[in-house]
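Presented below is the structure to which this report refers.
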Amino acid sequence: MKIVKALFGAFIIAGVAAVSLPAVAQDDKVLARVGGVDITETDIVTARAEIGSEIASIPLKDRQRVLVEFLIENQLLAAAAEAEKMSETPGFDNRLKYYRRRALRDMYFEKKVRDAVSEDSARKIYDDQVGQLKEETEVNARHILLKTEEDAFEAIERFNRGDDFAALAKELSQGPSKTQGGDLGYFTKGQMVKEFDEVVFKLKKGEVSEPVKTQFGWHVIKLEDKRQKKPPAFDDVKDRIVSALVQQKAQEVMQSLRAKADVEIVDPEIKKAMEKAVRGSFSQ
């Protein structure tokens, strides 16, 4: 699959966290102290990797403060748990083992997956697949969708007498775009049904069409704008290309690790469900 085809998809890597973990510096700056326990810049970077998506809506200038508050509360709760000897309760060692595996997973992902994807590799994908795309014409149009040809001609007559096209669409249209005054936004050839496409791209800016019949009914189309759509600049799609490459690399790494490992599904119901999921993926 070409990377460019995945540019606008969701890049989800099941079981692998795309976390960037810092190297611990000897002069790690202390930002706060809770009961004698230091909260450092390294802690901030680790916390940002953990809850970054949850604070993305917070203004950038406030995020450092929010992260410090998060770490303060984290330490207060940890200290309270320690005081009640919760580290000695059943289940604590299992949690500790789990979080150790998680930390090791994150470090391996960072070194073997994320660090293996460079901006140069993203640039090559862009040059090979995106940068070579040609400009294409795109139009912005409004339409009024009606049940009959007679209704369409009546709408055109009202427009010619001076009625506003968007207002007519809100009043008369049977389509979902009526609330936006019939506005369909910008689109390129092939995105609309054939009959609609053939007419709208021949219109001049500001021109209104004769009634156009499609499988949905009768359309009256007004061309609002026509322009040349250029391929996106590298900086506009770089992060999405990198995400696609990281996903691709993660899949390669996981396939390699699975091929070398002895994985046994002991629970019969889970084993059955997993085998069913694998068969389903091959049948698609």
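The values are calculated or read from the model by the stated rules, or taken from the named source; none is laboratory data. Note that the structure is a prediction, hence the values are computed from the model and not measured. Using ideal geometry, Cβ is built from the backbone for each residue, glycine included, and neighbour counts are taken over all protein chains shown.
Do you know which residues across the range 196-230 are outside any strand (DSSP E or B) and on the phi > 0 side of the Ramachandran plot? Listed by number, the list holds a single entry, 206. Any idea how many residues of the range 166-220 are among the basic types (Lys, Arg) and crowded, with 19+ Cβ neighbours inside 10 Å? Total meeting the criteria: 1. For the range 8-27, the count of residues that are of a type in the set (D, E, K, R), modelled with pLDDT of 90 or more and over 30 Å from residue 232 (Cα atoms) is zero. The residues of the range 140-190 that are in a loop (DSSP other than H, G, I, E, B) and on the phi < 0 side of the Ramachandran plot, listed by number, are 147, 148, 161, 163, 164, 173, 174, 175, 189. Quick one: in the range 104-120, of everything that is free of Cβ contacts under 8 Å to residues at least 60 places away in the same chain and in a helix (DSSP H, G or I), which residue is surrounded by the fewest Cβ atoms within 10 Å (Cβ to Cβ)? Selected residue: 120.
Here's a check for you: in the range 256-284, which residue that is polar (S, T, N, Q) and exposed (fewer than 10 other Cβ atoms within 10 Å of the Cβ) is modelled with the highest pLDDT?
281
Of the residues that sit in the range 52-66 and are of a type in the set (A, V, I, L, M) and outside any helix (DSSP H, G or I), which one is surrounded by the fewest Cβ atoms within 10 Å (Cβ to Cβ)?
Quick first cut of the range 52-66, residues of a type in the set (A, V, I, L, M) only: 55-56, 58, 60, 66.
Then keep just the ones that are outside any helix (DSSP H, G or I); that gives 56, 58.
On the way: 56: 9, 58: 12.
Top of the filtered list is 56.
Taking the numbered list (1) touching a residue at least 12 places away in the same chain (Cβ under 8 Å); (2) of a type in the set (D, E, K, R); (3) more than 19 Å from residue 144 (Cβ to Cβ) in turn, residue 213 passes all entries but (3).
Conditions (1) closer than 19 Å to residue 147 by Cβ; (2) in contact with a helix residue (DSSP H, G or I) (Cβ under 8 Å, 6 or more places away or on another chain); (3) without any contact (Cβ under 8 Å) to a residue 60 or more places away in the chain, marked per residue:
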position: 170; (1), (2), (3): yes, yes, yes
position: 175; (1), (2), (3): yes, no, yes
position: 178; (1), (2), (3): yes, yes, yes
position: 186; (1), (2), (3): no, no, yes
position: 199; (1), (2), (3): yes, no, yes
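Taken together, the residues in the range 118-165 that are modelled with pLDDT under 95 and out of contact with any Ser or Thr (no Cβ under 8 Å at 6 or more places or on another chain) amount to 18.
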